[in-house]
Amino acid sequence: MKFSQPTAALLIPDQQPVEKALARTTHLAIGAHLDDLEFMSWSAILECFQQNDKWYTGVTVTDGRGSARANQYADYTDEQMAAVRHREQIKAAQIGEYAALAMLDFKSSDIKIPGNPAVIGDIKDLLLAASPRIVLTHNLADKHDTHVAVALATIQAIRELPEDKRPKTLHGCEVWRNLDWMSDEDKVVKDVSERENLMMSIMSVFDSQISGGKRYDLATFGRKRANATYFASHATDKASLLEFAMDLTPLVKDPKLDVAAFVSQHIERFARDVETRLRKFQKK
């Protein structure tokens with residue numbers, strides 16, 4: 001498969017032929033950065049791990065050259081940092097036994113060009129080759145510009161597919177803003193309580209970020225733990241770890257839906273819920 005960036009790469013951890021490896025994909029996750037996949041789409045990695053009929057393919061869109069760095073990585077050049085982050089991402093794919101890993105290697109600035117045909121084209125080609133049932137990307141209320149740009153490119157790529165080639169489900173996942181604020185009836189709730197050891201081992205390979213100044217491993221694990229504990233106020237916990245997602249499927253089932261208006265409806269429902277609860281107990 002040929003991508004638009006000359007430094008892009010496609011890895012098949014178990015050395016299967018590329019066409020066969022992609023065709024077996026059932027779950028495909030598209031993340032902005034090298035490590036986003038493991039932090040945001042653990043439910044899909046877990047569901048596919050060591051299954052014969054379910055396979056996870058990961059797609060990272062940026063090149064890692066603009067990463068923050070500190071401690072032993074403080075003096076690394078952009079090229080050295082990118083090389084480290086690519087190695088870490090490959091390790092994660094090997095431990096997680098992914099069907100395939102595509103690293104598209106775009107600059108963040110390129111991704112943030114609205115409707116960039118190169119970004120959309122690469123994502124569309126992967127979707128056509130893999131034909132996954134479920135696609136996961138960033139949620140549209142994320143506060144990181146690159147994450148939002150990747151989510152929008154993913155939606156556009158799916159919209160450009162023939163209708164019978166589109167995935168059945170598209171979910172937007174938590175990274176730089178959680179989804180606890182969403183009304184419970186709007187949340188997609190995923191139990192990820194199993195294999196805590198595997199989760200921590202995969203997240204821990206991203207040493208350049210963790211030792212470099214950000215404890216993403218502890219923060220991500222803590223968020224999933226908090227989601228489980230605070231999900232239901234009047235019931236004991238049925239899970240120890242939960243992921244929340246925003247269901248973006250309506251946006252690809254009906255390409256005419258306005259993306260900003262769709263997200264605004266979620267925010268408005270949250271606002272109404274808060275206001276209703278306040279007025280219920282407000283002294284007249």
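Sparsely packed loop sites in the stretch 43-84 (the chymotrypsin sites (Phe, Trp or Tyr not before Pro) outside DSSP H, G, I, E and B with at most 14 other Cβ atoms within 10 Å) do not occur.
A P(r) calculated from all alpha carbon pairs of the stretch 143-240, with 10 Å bins opening at zero, reads 12, 33, 35, 18, 2 percent. Of all beta bridges that DSSP places with both ends in the stretch 9-281, some 40 percent have antiparallel geometry. Here the spin labels are modelled as points 7 Å beyond Cα on the Cα-Cβ line, and at K283 and L257 they lie 4.4 nm apart. One equal scatterer on each Cα of the stretch 9-281, no solvent, Debye formula: the resulting log10 I(q)/I(0) at q = 0.07, 0.09, 0.11, 0.17 Å⁻¹ is -0.24, -0.40, -0.61, -1.45.
Hydrodynamic radius of the stretch 39-132 by the Kirkwood approach over all distinct alpha-carbon pairs: 14.9 Å. Residues whose amide H comes within less than 5 Å of that of L242, counting only those at least five positions distant or on another chain, are V192, R225, N227, A228 (H built at 1.01 Å from N in the peptide plane).
The spacing between the stretch 71-104 and the stretch 239-255, judged by their C-alpha centroids, is 27 Å.
Using a cutoff of 8 angstrom between alpha carbon atoms and counting only pairs six or more residues apart, the relative contact order for the stretch 9-281 works out to 22 percent. Straight Cα distances below 25 angstrom link K168 to the lysines K20, K54, K124, K187, K190, K253, K256, with same-chain residues fewer than 8 positions distant left out. Counting neighbouring Cβ atoms within 10 Å and putting the fewest first, the residues L37, L278, L104 line up as L278, L104, L37. Applying the criteria of a DSSP loop state and at most 11 other Cβ atoms within 10 Å to the trypsin sites (Lys or Arg not before Pro) of the stretch 135-170 yields K143, K168.
Legend: helices of the chain (whole DSSP H runs) are marked when their alpha-carbon atoms reach 24 angstrom or more along the helix axis and their mean Kyte-Doolittle hydropathy is at least -0.5; marked are 259-281.
A short reminder: the numbers here are calculations on the coordinates, not readings from a lab. In this text the structure is predicted, and so the values were computed from the model without any measurement. Backbone-built Cβ (ideal geometry, glycine too); neighbour counts: all protein chains shown.
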